[in-house]
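Since the structure comes first, as structure tokens, the remarks are kept for the end.
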Amino acid sequence: MPDSKITTRDGAVGAARYRIEQGPGDHASVTVHRRYAAGLAPSTAACIWRVVADFGSIKVLFPSLVRLYLTYPDESTKQIGLVRDMAFAPPPGGRDLAAGVEQLVELDDRRRKLAYISVLGLPLRDYRSEMTVVGEDACELVWQSTCRVTAESAAFLDTLASILAGGSNQIATHLGLS
């Protein structure tokens with residue numbers, strides 16, 4: 001019988017709060033909440049969404065990005081299907097670049113929601129991440145990733161929470177809100 005137990009861990013990185021949930025079975029999620037104060041023109045929410053919705057501008061969220069290749073699904077300017085192939089500088093004391101390939105699968109300007117999947121690079125299965133900006137001026141970014149883990153890959157959820165929280169904090173720094 002599959003494990004029906006759910007475990008939860010909460011934490012924070014700077015102003016971003018996160019929750020890691022594991023279970024039932026091999027299912028897991030990481031949810032990051034980051035609030036941003038009002039005050040940007042035309043509105044803080046519009047500015048945050050502009051950063052989030054630009055799938056190809058991931059360097060804004062992750063300054064350690066050292067390589068980015070974008071592959072468009074066709075010759076049009078539509079973004080759904082856009083693939084980003086990325087490499088990041090090694091962490092302090094590390095030697096190897098971290099790499100990943102992600103594909104944009106949903107972009108809804110009206111609901112301010114973007115979703116992407118990991119195609120390659122993460123030690124997680126069935127990875128999907130959704131970023132939603134909630135609010136009209138002062139706002140909150142909700143960045144939720146769902147996946148399936150193994151006993152060996154479950155520890156990566158803590159790393160993922162730190163990565164996503166750091167990215168949400170970096171948006172504030174980029175826009176001068178921190």
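The values are calculated or read from the model by the stated rules, or taken from the named source; none is laboratory data. Remember, it's a predicted structure, so these values are computed and weren't measured experimentally. So basically every Cβ, Gly included, is an ideal-geometry build from the backbone, and we count neighbours across all protein chains shown. Quick note on the areas: whole protein, heavy atoms, side chains included, nothing else; ligands and nucleic acids left out. Shrake-Rupley method; radii C 1.70, N 1.55, O 1.52, S 1.80 Å.
One residue stands out in region 75-93 among those that are of a type in the set (D, E, K, R) and part of a loop (DSSP other than H, G, I, E, B): the one that is modelled with the lowest pLDDT, namely Lys78.
Per-residue answers, yes or no, for (1) in contact (Cβ under 8 Å) with a residue 60 or more places away in the chain; (2) not in a loop (DSSP other than H, G, I, E, B):
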| site | (1), (2) |
| --- | --- |
| Tyr116 | yes, yes |
| Met131 | yes, yes |
| Asp137 | yes, no |
| Gln144 | yes, yes |
| Thr173 | no, yes |
| Ser178 | yes, no |
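With respect to (1) in contact with a strand residue (DSSP E or B) (Cβ under 7 Å, 6 or more places away or on another chain); (2) under 19 Å from Gly100 (Cβ atoms); (3) open to solvent by 30 Å² or more (accessible area, probe 1.4 Å), the lone exception for Ile58 is condition (3). Every condition in (1) open to solvent by 50 Å² or more (accessible area, probe 1.4 Å); (2) under 23 Å from Gly11 (Cα atoms) holds for Ser153 except the one numbered (1). Taken over region 4-28, residues that are of a type in the set (Gly, Ala, Ser) and surrounded by fewer than 15 Cβ atoms within 10 Å (Cβ to Cβ) amount to 5. Right, Ala99: modelled with pLDDT under 95, open to solvent by 10 Å² or more (accessible area, probe 1.4 Å) and in a strand (DSSP E or B) or not? Yes; evaluated as a whole, the condition is true for this residue. Looking only at residues in region 102-114 that are assigned to a strand (DSSP E or B) and buried (at least 16 other Cβ atoms within 10 Å of the Cβ), which one is farthest from the chain's Cα centre (by Cα)? The extreme case among them is Leu107. Every residue in region 78-96 that is open to solvent by 50 Å² or more (accessible area, probe 1.4 Å), within 18 Å of Thr159 (Cα to Cα) and of a type outside the set (Lys, Arg), please. Of everything in region 78-96, those that are open to solvent by 50 Å² or more (accessible area, probe 1.4 Å), within 18 Å of Thr159 (Cα to Cα) and of a type outside the set (Lys, Arg) turn out to be Pro91, Pro92, Gly93, Asp96.
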